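Each value in this text was obtained by applying a stated rule to the coordinates, not by laboratory testing. Treat the numbers as computed from the prediction; the structure is a model and nothing was measured. Here the Cβ positions follow ideal geometry from the backbone for every residue, glycine too, while neighbour counts run over all protein chains shown.
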Amino acid sequence: MHPLLEDAAQRASRYLDGLDARSVAPLPDALSRLAQLDVDLSEASQSAQDVLQQLDDLGSPATVTSNGGRFYGYVVGGTLPVSIAAHWLATAWDQNTPHPSAAPGAAAFERTALRWITDLLGLPSTASGAFVSGATMGNLCGLAAARHAVLASVGWNVDAQGLFGAPPITVVVGDEVHPSVTKALGVLGLGRERIVRVPVDAQGRMRADQLPLMQGPSIVCLQAGNVNTGACDPFPAIIEQAHRAGAWVHVDGAFGLWALASSRHRHLCDGVTQADSWATDAHKWLNVPYDSGLVFVRDGATLRAAMSISAPYLADNDRGDAASDLTPELSRRARGVDAWAALATLGRSGLRDLIERCCRHAQRFAQGLRDAGHEVLNDVVLNQVLVRFGDADTTRRVIEAIQRDGTCWCGITQWQGQTAMRISVCDWATSDEDVERSLAAMVRCARTSSMRADSGFAHPR
C-alpha cells in the first residue's frame, strides 16, 4: 500500500505543479485519448500501480484546470493545499460521518467547523447546520424545513400526511432565481412553475416594492450573490414584509453569503441573518475540495422534523447530534474535516483576505476591459464581472477564441436579454500576475476576433 500511496501523492503533486504552464482547457489530443477508456471490463486483474498510471496518463491531461489561478467559470473555487491534504487523510480514515458513534473524531471536527462558520457569518448561534454535497442540496434541505414549518403552522403534518390534500403553499422567488432553487422546489413537490416570480432591478435584485400580498402558508426565496452580477437582494425590507405575513424566508447564498466574512463587503448582506434558513457552498469561496456545501436553519427542531430518520440499529445517543437527522444522506464522507483544516489554516484574517482579494481581482478585470473599450454590464460589487464584446455573435466568437487560446477560461451567459461573458473569481491561487495575463489574452482575442469579422472571416461553428 505505501508505494501506491506515495506514487499517487507524487503524481498529484506533479499535476498541481504543472497547472501554471498548461492550457486551462484540455487540448484536443488529450480529449481524443479518452476513447481508450471505451473498452469492456477485462476478465483478468491488473496491478494497482498500472491502474493508477492509466488514470494519470489519460485523466490528468483531460482535466480543465479549475484548480489553477486562471479558471473563471461557473463560480468554481480552487482547493487550498491544506484542504487537499486533509481530504486525503480523511479519505484514508474512511469514516461515515452522519452518526457520531460511528465516526467520533470526524464528527468532532465537523461540529467545530460548523460552529466556526456560524460565527464567521454572524448566523444565530442557536441555528443547526450540516454539511451537504453543495448549495443545491442545501437549498433542498432549507426548503424542506420551510415546507414542514409553514404547513405545521396551519395544522398539517407533511412528514406524516404528505402533500395529498395539503393546504397550498405560496412560494415567492425573484425573477432571476437560481435553477438550483427551482429544482429543489420541484423535488419537494412545490412545483417549478407555480411559483410567484417578482420583478428584479437592473442588477438582478428582487424588488421589495413588488412583493405580492401573502396569506396562508408562504415561503420567500432570496439571493445572496446573483450568479451573474454578484448582487444581493434587499434583505431588510423583504424579510420584514415576509415575516409580517408569517412567511418563511430562505436564502440561497452559494457564494455571496461569504461576503459576511469580509468587513469590506459585509454590507451587501445587511439583514440576511434575519432569515430562517440559509444555503451556501464550502467548495466555492472556502476553497475546499468538491463536494462540500452547507445548510443552516434558525430553528433546528424544524430541520430535524423534516429530515430525521430512525431505525433499531441507530444509536439513541446520537439523536440531536446526528447529521443523518439534518440532511437526506445516511452515508457520506467526512466533508467537515476539509473545512476545518481550511478554516484553521486561514483564520479570520486569511479568509477575509481571500474574499477581498478575489473581489479586487474582479474590479481589475472590469477596469481593464472597460479601458480596452468593452462594455461591462454589471456593477462589480463582489467577484462577478459581466462583459460583452459587441453584439451576441461577436461576443460568442470572442468567448470561443478565449477558450481556445487556453490562457484562461470564462463561460458564456444570457443576462437580461444580452449575451455576455461571465468572469467569476473565487480561487485562492489567482494572483495579480494571473489577472494581468488573463486580461491580455481576453483583449488580444477580442481584437483578433474583430479583425477577422471585419475582413469577412467567420470562424466555423
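With r defined as the distance between the Cβ atoms of residue 4 and residue 101 and R0 fixed at 45 Å, what FRET efficiency is calculated, to the nearest 0.05?
Details: r = 31 Å, r/R0 = 0.69.
Given R0 = 45 Å and the Cβ-Cβ separation, E is 0.90.
Exposure proxy for 426, 410: other Cβ atoms within 10 Å of each Cβ, ordered fewest to most, give 410, 426. Averaging the sequence gap over all C-alpha pairs within less than 8 Å and six or more residues apart, then dividing by the number of residues, gives the chain a relative contact order of 22 percent. Computed extension gain for residue 375 through residue 444, at 0.36 nm per residue and net of the alpha carbon distance, reaches 23.3 nm.
In what order do 356, 110, 329 fall by count of nearby beta-carbon atoms within 10 Å, going from fewest to most? Don't jump to the answer; show the numbers that get you there.
Working: 356 17, 110 24, 329 20.
Ordered from fewest to most neighbouring Cβ atoms within 10 Å, 356, 110, 329 come out as 356, 329, 110.
Between the C-alpha center of segment 244-267 and that of segment 354-402 there is a gap of 24 Å.
The label-point distance for residue 16 and residue 270, in a model that sets each label 7 Å from Cα toward Cβ, rounds to 4.1 nm. In order along segment 343-354, phi translates into HN-Hα couplings of 5, 5, 6, 6, x, 4, 5, x, 5, 4, 5, 4 Hz, rounded to whole numbers, per the Karplus curve 6.51 cos²θ - 1.76 cosθ + 1.60 with θ = phi - 60° and x for Gly and Pro. Computed on segment 1-111, the Cα convex hull volume stands at 171 Å³ per residue.
Beyond 33 Å, what share of the Cα-Cα pairs of the chain is found? Please give it as a whole percent.
Details: 44571 of 106030 pairs.
Result: 42 percent of Cα pairs exceed 33 Å.
Annotation: the residues 421, 1, sorted from fewest to most other C-beta atoms within 10 Å of their own C-beta, follow the order 1, 421.
Peptides 368-376, 437-445 ranked from most to least packed, by the mean per-residue count of other Cβ atoms within 10 Å: 437-445, 368-376.
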